[in-house]
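Colleague: For reference, the structure I am asking about is given below.
The values are calculated or read from the model by the stated rules, or taken from the named source; none is laboratory data. Remember, it's a predicted structure, so these values are computed and weren't measured experimentally. Note that we place each Cβ from the backbone using ideal geometry, even for glycine, and neighbour counts take in every protein chain shown. Surface areas here come from the heavy atoms of the whole protein model, side chains and all, with no ligands, DNA or RNA. Shrake-Rupley method; radii C 1.70, N 1.55, O 1.52, S 1.80 Å.
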Amino acid sequence: MKIAEVPFCVVDWATVEPSKHAGKTGEAFWRTFEKGNILVRMVEYTPGYVADHWCKKGHVLLVMEGELITELDDGRKFVLKAGSSYQVAEDLNPHRSYTRTGAKLFIVD
């Protein structure tokens with residue numbers, strides 16, 4: 001990942017207003033910072049959240065709280081708990097996630 005045109009900056013996530021995104025079930029609340037060629041998000045999924053689409057974006061995702069289950073389009077599933085991360089390249093492994101208990105994530109696209 002090459003980060004371009006992003007000078008040093010600090011984000012106080014508590015001051016970033018969340019936007020609400022509906023899943024197939026449940027909701028996601030995104031706090032978003034976008035600059036240059038990166039998108040950084042602090043995301044909270046409500047208990048019972050299920051993504052409504054297969055994602056083909058590349059990400060670095062860190063589970064900060066809760067538990068996240070991510071499935072790939074080939075049928076594999078991964079359970080990520082607080083302190084676990086995944087990394088995936090653009091268009092390589094379409095994936096979707098869900099949580100039974102809720103989760104708080106830090107994501108860099």
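Colleague: From the phi of every residue in region 93-105, what ³J(HN,Hα) in whole Hz does the Karplus formula 6.51 cos²θ - 1.76 cosθ + 1.60 yield, where θ is phi - 60° and glycine or proline is x?
Modeller: 9, x, 8, 8, 10, 8, 9, 7, 9, x, 7, 10, 10
Colleague: So if we plug the beta-carbon distance of Gln87 and Thr15 into 1/(1 + (r/R0)^6) with R0 = 25 Å, what FRET efficiency do we get, rounded to 0.05?
Modeller: Details: r = 28 Å, r/R0 = 1.12.
After rounding to 0.05, the efficiency reads 0.35.
Colleague: Another question, then. I'd like to check one number: the per residue accessible area of the chain, probe 1.4 Å, reported in Å² as a whole number.
Modeller: Working: 6780 Å² over 109 residues.
Using a 1.4 Å probe on heavy atoms only, each residue of the chain averages 62 Å².
Colleague: Another question, if that's okay. If we count GluC sites (Glu not before Pro) as exposed when they sit in a DSSP loop and have at most 16 other beta carbons within 10 Å, what is the longest stretch of the chain that avoids them all? Before the final figure, lay out the partial values.
Modeller: Numbers: sites that count: Glu5, Glu90.
Counting at most 16 other Cβ atoms within 10 Å as exposed, the longest clean stretch of the chain is 6-89.
Colleague: Continuing with the same structure: For the chain, divide the Cα radius of gyration by the Kirkwood radius and give the resulting Rg/Rh value with two decimals.
Modeller: On the way: Rg = 13.8 Å, Rh = 14.4 Å.
Ratio value, two decimals: 0.96.
Colleague: Work out, in µm²/s and without decimals, the Stokes-Einstein translational diffusion coefficient of region 9-60 at 4 °C, 1.567 mPa s, Rh from Kirkwood over C-alpha pairs. Could you put the intermediate results ahead of the total?
Modeller: Working: Rh = 12.3 Å.
Reported coefficient: 105 µm²/s.
Colleague: Can I ask one more? For Ser19, what is the net charge nearby, where nearby means another residue's Cβ is under 11 Å from its Cβ and Lys, Arg count +1, Asp, Glu -1? Write down the numbers at each step before the final one.
Modeller: Numbers: positive: Lys20, Arg31, Arg41; negative: Glu17, Glu27.
Taking every Cβ under 11 Å from that of Ser19, the sum is +1.
Colleague: Positive end of the charge dipole of the chain (Lys, Arg +1 and Asp, Glu -1 on Cβ, about the Cα centre): tell me which of Asn93, Val16, Leu39 has its Cα farthest that way.
Modeller: So the residue furthest toward the plus end is Asn93.
Colleague: Can you list the lysines whose alpha carbon sits under 19 Å from that of Lys35, skipping same-chain ones fewer than 8 residues off?
Modeller: Here the lysines satisfying the reach criterion relative to Lys35 are Lys2, Lys57.
Colleague: Could I ask something else about it? I need the phi-derived Karplus couplings for region 48-63: 6.51 cos²θ - 1.76 cosθ + 1.60, θ = phi - 60°, integer Hz, Gly and Pro marked x.
Modeller: Residue by residue, region 48-63 yields x, 5, 9, 4, 9, 7, 8, 9, 10, 6, x, 9, 10, 10, 10, 7 Hz.
Colleague: Region 1-73: which chymotrypsin sites (Phe, Trp or Tyr not before Pro) are DSSP loop and have at most 13 other beta-carbon atoms within 10 angstrom?
Modeller: Numbers: sites: Phe8, Trp13, Phe29, Trp30, Phe33, Tyr45, Tyr49, Trp54; in loops: Phe8, Tyr49, Trp54.
Hits after loop and neighbour filter: Phe8, Trp54.
Colleague: With N set to the residue count of region 62-109, report its C-alpha Rg divided by 2.2 N^0.38 Å to two decimal places.
Modeller: My calculation over the Cα atoms of region 62-109 gives 1.10.
Colleague: Take the solvent-accessible surface of the protein heavy atoms, probe 1.4 Å, and return the percent of it on the chain that carbon and sulfur atoms account for. Let's see the in-between values first.
Modeller: On the way: 3660 of 6780 Å².
Here carbon and sulfur together make up 54 percent of the probe-accessible area.
Colleague: Let me ask you something else. Would you mind finding the longest exposed-site-free stretch of the chain, with exposed trypsin sites (Lys or Arg not before Pro) meaning DSSP loop and at most 15 other Cβ atoms within 10 Å?
Modeller: Numbers: sites that count: Lys2, Lys24, Lys56, Lys57, Arg76, Arg100.
With a cap of 15 other Cβ atoms within 10 Å, the longest stretch comes to 25-55.
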